[in-house]
Amino acid sequence: DLPVVGDWVALRAIGGGEAVVQAVLPRRTKFSRRAAGTREDEQALAANVDTALLVTGLDGDFNPRRIERYLTLAIEAGVEPVVVLSKADLCADLAGAVREATRIARGRRVAAISSLSDEGVAALDGVIAPRRTFVLLGSSGAGKSTLLNRLAGEERLRTGTVRESDSRGRHTTTHRELTVLVSGAILIDTPGMRELQLWAGREALDETFDEIAELATRCRFGDCSHRVEGGCAVRQALEAGELDPARWENYRKLQGEIRRHDYQYYVLDAPQ
């Protein structure tokens, strides 16, 4: 494999301050997404990451379904996820947004911050630890570069404005970049991703939506489709208002992506 940001590599010096990569060392973790195109190809985004800061803005771009997608990818990568709600100073209902994100995170850490006013940023001080690697993930304009500058204590990365119509920004970060903080912590900033195609397995999905996976075990039939069968615990929870219909629909959507990936990758594209 070609190296990605966060990789450890073996180099051979060739003089003049230059070197050639001879090998990529085994990765502890790997954060990937489905690459663009029609084939099921994996695109590694970062390697050897300990914690993923999943950044979403509260200035109009708050999307619970996107957070669920990011959580699934982080779990698949074997990376600890932290949901970071940025631009808290621009949110009319901060408490409501935090409640929603906390419900989605299922016991994982959620931090609401404002990098400009420093509100809540201190909560991340206990997360950003020396000799650990962190990756900032989120859509364009979510506030990743601003947060990195705040944590670094200086303007390491250029930041930009967002459109008022949809709270989206331009790609001020155009490539993945690794920054070593004074504390010894390592931060990887990534370009804003408008589309994050799933590259994950069913186990990671069921861990993200653990309450749905648990409900499915209570269905009368082991192969229940949760559509028409009698004794379906999932449908009963939906009808009783115990399961969020939007969360259920996103689970089905991501489940469909995984099924298509499995069919394409293991059947159509399998080595002959």
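The values are calculated or read from the model by the stated rules, or taken from the named source; none is laboratory data. These numbers come from a predicted model, not from an experiment. When we count neighbours, we look across all protein chains shown, and the Cβ atoms used for this are built from the backbone with ideal geometry, even at glycine. Areas reflect the complete protein model, heavy atoms only, side chains present, ligands, DNA and RNA absent. Shrake-Rupley method; radii C 1.70, N 1.55, O 1.52, S 1.80 Å.
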Which one of these does R218 not meet: (1) free of Cβ contacts under 8 Å to residues at least 40 places away in the same chain; (2) among the charged types (D, E, K, R); (3) under 27 Å from R132 (Cα atoms)?
(3)
Find the residue count for region 1-56, including only residues that are aliphatic (A, V, I, L, M), assigned to a strand (DSSP E or B) and over 14 Å from the mean Cα position of the chain (by Cα).
10
Could you tell me how many of the residues in region 57-96 are under 10 Å from the mean Cα position of the chain (by Cα) and of a type in the set (S, T, N, Q)?
1
Which one is least open to solvent (accessible area, probe 1.4 Å), of the residues in region 1-39 that are β-branched (V, I, T) and under 20 Å from T190 (Cβ atoms)?
T29
Checked region 95-145 for anything in contact with a Lys or Arg (Cβ under 9 Å, 6 or more places away or on another chain) and among the small types (G, A, S); matches are S114, S115, A123, G138, S139, S140, G141, A142, G143, S145
Looking at region 209-218, can you tell me whether even one residue there is open to solvent by less than 50 Å² (accessible area, probe 1.4 Å) and in contact with a strand residue (DSSP E or B) (Cβ under 7 Å, 6 or more places away or on another chain)?
no
Across region 156-214, what is the number of residues that are modelled with pLDDT of 70 or more, out of contact with any Lys or Arg (no Cβ under 8 Å at 6 or more places or on another chain) and of a type in the set (A, V, I, L, M)?
9
Report, ordered by the first and then the second residue, all pairs with beta carbons closer than 8 Å, sequence separation of six or more or different chains, a first member in region 115-140 that is part of a strand (DSSP E or B), and a second member that is open to solvent by 70 Å² or more (accessible area, probe 1.4 Å).
E119/D89
